[in-house]
Amino acid sequence: MTSNTVWHEHHVSQQQRAILKQQKPCILWFTGLSGSGKSTVANAVENMLFGMKKHTYLLDGDNVRQGLNKGLSFSEEDRIENIRRVGEVANLFCDAGLVVVTAFISPFEKDRKMVRKMAMSGQFVEVFIDAPLSVCEQRDPKGLYKKARAGEIKDFTGIDSPYEVPVNPELHIVNDGISIEEAATQVVDYLKRHAYI
């Protein structure tokens, strides 16, 4: 915050927006390797919540890089900035009373902690979509592993850049041998159990 700006308080609070929407706002932070099924499961979760008449918005890694984060590279510095910006936007949507669904590799624990600290207490739900690297490579929906193995992509998570497994996620879903619906249902059931919806 610069010395020339001050936080402008809203007349309508997050709590009032949440009451109007009949839900408890939160950020569902899907993390996992490329090909683990983050985006697929996140989409299924949003679709299920929409069917329940819940107010949501999905922030997907590839989509955000088409606009808000256009121009950011995949260097470590730019990856941190990518996640920081997404965290800020997710918090604004959460303040609007939404269940914000995000799907980002977000490979570094410190970056996920940074976004958790941005959120209000109890409003950050880390969802680790866990699939073995071999399964992710086999799926390889965008052909990125093949390019990384051929040396065409540098600093690719899981190949020549590390993925730091979440230490204590709210949800750990092993997305291997289960259907998309089963994975999504685990998330929705968590939201019900903890009175978000």
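FYI, it's all coordinate maths here, none of it is from the lab. Here the structure is a predicted model, which is why all the values come from computation and not from measurement. Virtual Cβ from ideal backbone geometry, glycine too; neighbours counted across all protein chains shown.
Couple of notes before you dig in:
- Residues 3, 73 arranged by fewest to most Cβ contacts within 10 Å: 3, 73
- Residues in segment 133-170 that a label on residue 47 would reach, taking backbone N under 18 Å of a point 7 Å out along Cα→Cβ: 141
- Peptide packing for 130-136, 150-156, 85-91 was compared via the average number of neighbouring C-beta atoms within 10 Å per residue; ordered from the highest value, the list is 85-91, 130-136, 150-156.
- Sorted largest first, the spans of the alpha carbon positions of segment 96-197 along the three principal axes are 47, 31, 25 Å.
- With a cut-off of 12 Å between beta carbons, the residues surrounding residue 87 carry a summed charge of +3, where Lys and Arg count +1 and Asp and Glu -1.
- Overall Cα dimensions of segment 64-121 - principal axes, largest extent first, Å: 32, 25, 14
- For the chain, with +1 on Lys and Arg beta carbons and -1 on Asp and Glu, the positive-most of 102, 71, 131 along the dipole: 102
- Segment 27-193 - Rg (one decimal) and Dmax (whole number), Cα, Å: 15.2, 46
- Label positions at residue 20 and residue 167, each projected 7 Å from the Cα along the C-beta direction, are separated by 3.9 nm.
- Annotation note: trypsin sites (Lys or Arg not before Pro) in segment 1-64 located in DSSP loop regions with a Cβ neighbour count of at most 11 within 10 Å are 53.
- Residue order, fewest to most surrounding Cβ atoms within 10 angstrom, among 57, 145: 57, 145
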